[in-house]
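Everything below concerns the one structure shown next.
The values are calculated or read from the model by the stated rules, or taken from the named source; none is laboratory data. As the structure is a prediction and not an experimental result, all values here were calculated from the model. Reconstructed Cβ throughout: ideal geometry from the backbone, glycine too, with neighbour counts over all protein chains shown. All accessible areas refer to the heavy atoms of the entire protein, side chains included, with ligands and DNA or RNA removed. Shrake-Rupley method; radii C 1.70, N 1.55, O 1.52, S 1.80 Å.
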Amino acid sequence: WYEAHTVSEEGTNIAGANFPGTPILAQGVTPYHGWGHTVNKPDLIDIYALTVDNPKNPKQYKLDGQWRDFVKTQSKFRVKLLGAFSLPVTRDVLWSDHGPVLDTPNGFYALRYAGMGEVNQLTQWIAMGKARSLEEWQAALNINGLLSFNAIWATADGHIGALYNARMPKRIEGPDWLSVLPGDRSELIWTETRPVSELPQATNPDAGWVFSANHTPFKMSEPESSPKRESFSKTYGVEYRMTNRAMRALELLSPDPQISREELLRYRADTKYHPEFKLWQSVIELTTADFDDGLLQSGQDVLRNWNGDTDVDNRSAALAVITGLLAHGSEYKEDLLPPVDAYKQAVDILNETYGQLDPRWGDVNRIKRGGVDVEIDGAPDVLRAIYADPNTIPETGSMNALAGDTHIMV
């Protein structure tokens, strides 16, 4: 993020942040409303297996029993060689009715994706920044120029909402849209997208609050205030995932009948894992594993004392979190090691680096930038999110935060 405050004579007055590369602010607050974006993962891409006339030099592909000519364009680019030298390269690009075509060792495939030729992203962000009423705000959302991103918003006069935003393809029911599709059926080539009104969302829910933590939109508030999965087509490909942040946020927000400003800030900076989250579940299972090695048995005592917290003074967080990271990755990575192997590796890292299995979490979890080296609360996928690579510990003596909490406005 780059943070800024922009004001124009044409109606813009927004303090917020942009994505690197965008020339305008993509989220923030104005005198009338505020909003933030989180990443979502709808199914916006389809792959089609094509039947071609000549695999070595294709000119045509089959569609609805007929041969169609490929459209051929050229792509020109430069390939860097040494120093300032580069080589100009030209490559033919084939296009079918589906979209661009890839020549692979396993055959020819066409791609179709939401937003092909779409240029309204900036138009929508400008409109979102200039909106001065609930009606203008909703009209900005209805532009549907943003290909994805959840939007969580509130207006100065008390309206709130959450939108699972996407440029959602309008597909026919039946086919498995998550698999490779046959490329010879024109009915599978969608040409329309669904309006914003048909996307999962909640506006002014009875619960009085909404949130987004990169999780399924069907738990964006209390159950009775959240959209229901059965109300939406399976062709949307909406994710099922529940992050620890989402699990923990629901645990904090749901039982609180009236959330004060102080509580809101405390909840946002919460440093705990949910007991049912897979990282903590792995730790619980490891405490009952059978080990002959005395060091591994000592580590089990450390894990038994963990309360799921990642404050800087916690003495069990290092072993627990590092084990969890080595086993499960951090949120967007697949599982890496069996938990037992991850635990043994974590024990070795801590013992060799610190000479103990229970160092203060603040001695391990740090932010280092230039001459700055400070301890920090938090861990991967807690509400006070801090991401770092535990494999750097033997070399640098700590985990250096590389991502996590970014643009924060109250």
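What is the spread of the Cα atoms of region 264-351 along each of their three principal axes, largest first, in whole Å?
Principal-axis extents of region 264-351 (Cα, largest first): 46, 28, 22 Å.
On the Cα set of region 272-317, report Rg and Dmax in Å, please.
Considering region 272-317 through its Cα atoms, Rg and Dmax are 11.0, 31 Å.
Whose amide H sits under 5 Å from the amide H of T193, counting only residues 5 or more places off or on another chain, with H placed in the peptide plane?
K170
Give me a comma-separated list of calculated 3J(HN,Hα) values for region 152-160, in order, Karplus coefficients 6.51, -1.76, 1.60 applied at θ = phi - 60°, integers in Hz, x for any Gly or Pro.
So the J values, rounded to whole Hz, are 10, 9, 8, 9, 5, 9, x, 8, 9.
I want the antiparallel fraction of DSSP beta bridges within the chain, as a percent rounded to 5. Show your work: numbers first, answer last.
Details: 58 of 63 bridges.
The antiparallel fraction comes to roughly 90 percent.
Using alpha-carbon pairs under 8 Å, 6+ residues apart, how would you state the relative contact order of region 79-170 in percent? Walk me through the intermediate numbers first.
Working: 103 pairs, mean separation 16.2, N = 92.
It rounds to 18 percent for region 79-170.
Of (1) 1.17; (2) 1.12; (3) 1.38, which is the value of Cα Rg over 2.2 N^0.38 Å derived from the coordinates here?
Step by step, Cα Rg over 2.2 N^0.38 Å for this structure corresponds to label (1).
Assuming a ≥ b ≥ c are the square roots of the Cα gyration tensor eigenvalues, decide whether region 199-256 counts as rounded (a/c under 1.5), prolate (otherwise, with a/b larger than b/c) or oblate. Each step should come with its number before you reach the end.
Working: a/c = 2.50, a/b = 1.35, b/c = 1.85.
It comes out oblate by the Cα gyration axes.
Under the Karplus relation 6.51 cos²θ - 1.76 cosθ + 1.60, θ = phi - 60°, what is the ordered set of whole-Hz ³J(HN,Hα) values for region 73-78, x standing for Gly and Pro?
My calculation for region 73-78 gives 10, 10, 10, 10, 8, 10 Hz in order.
Starting from the Cα of L82, step 7 Å along the direction of its Cβ; do the same at A289; then give the gap between the two resulting points in nm.
According to this spin-label approximation, the distance is 5.1 nm.
So who's got an amide H within less than 5 Å of the one on V93, skipping anything under 5 residues away but keeping other chains? H placed 1.01 Å off N, in plane.
Answer set, sorted by chain and number: T73, Q74, S75.
How large is ³J(HN,Hα) for each residue in region 300-307, as worked out from phi by the Karplus curve 6.51 cos²θ - 1.76 cosθ + 1.60 (θ = phi - 60°), to whole Hz, x for Gly and Pro?
Per-residue couplings from phi come out as 5, 5, 4, 5, 5, 8, 6, 9 Hz.
Around F211, what is the net charge, scoring Lys/Arg as +1 and Asp/Glu as -1 over all other residues with Cβ under 10 Å from its Cβ?
On the way: positive: K219, R245, R268; negative: none.
Overall, the nearby charge balance is +3.
Using all Cα-Cα distances in region 215-367, what percent lands in each 10 angstrom bin from 0 up to the longest?
Spelled out bin by bin, region 215-367 gives 10, 33, 30, 19, 8, 1 percent.
If a/c stays under 1.5 just call it rounded; otherwise compare a/b with b/c (prolate if a/b is bigger, oblate if not). Do that for region 19-132, with a ≥ b ≥ c from the square roots of the Cα gyration tensor eigenvalues. Show your work: numbers first, answer last.
Values: a/c = 3.16, a/b = 1.68, b/c = 1.89.
The shape class here is oblate.
Can you check how the C-alpha radius of gyration of region 1-79 compares to 2.2 N^0.38 Å, as a plain ratio? Spell out each step's value before the answer.
On the way: Rg = 23.2 Å, N = 79, 2.2 N^0.38 = 11.6 Å.
In units of the globular-protein estimate, region 1-79 measures up at 2.00.
To make sure I understand the rule: partners must be lysines, Cα under 25 Å from the Cα of K219, and not fewer than 8 residues away in the same chain. Which ones qualify?
Straight-distance partners of K219: K41, K170, K228, K234, K272, K278, K333.
Using only the heavy atoms of the protein chains and a 1.4 Å probe, how would L25, L102, L178 rank by accessible area, largest first?
Accessible-area ranking of L25, L102, L178, largest first: L178, L102, L25.
Using modelled backbone amide H atoms (1.01 Å from N, in-plane), which distant-in-sequence or interchain residues come within less than 5 Å of R132's amide H?
Here the answer is W137, since their amide H atoms fall under 5 Å of that of R132.
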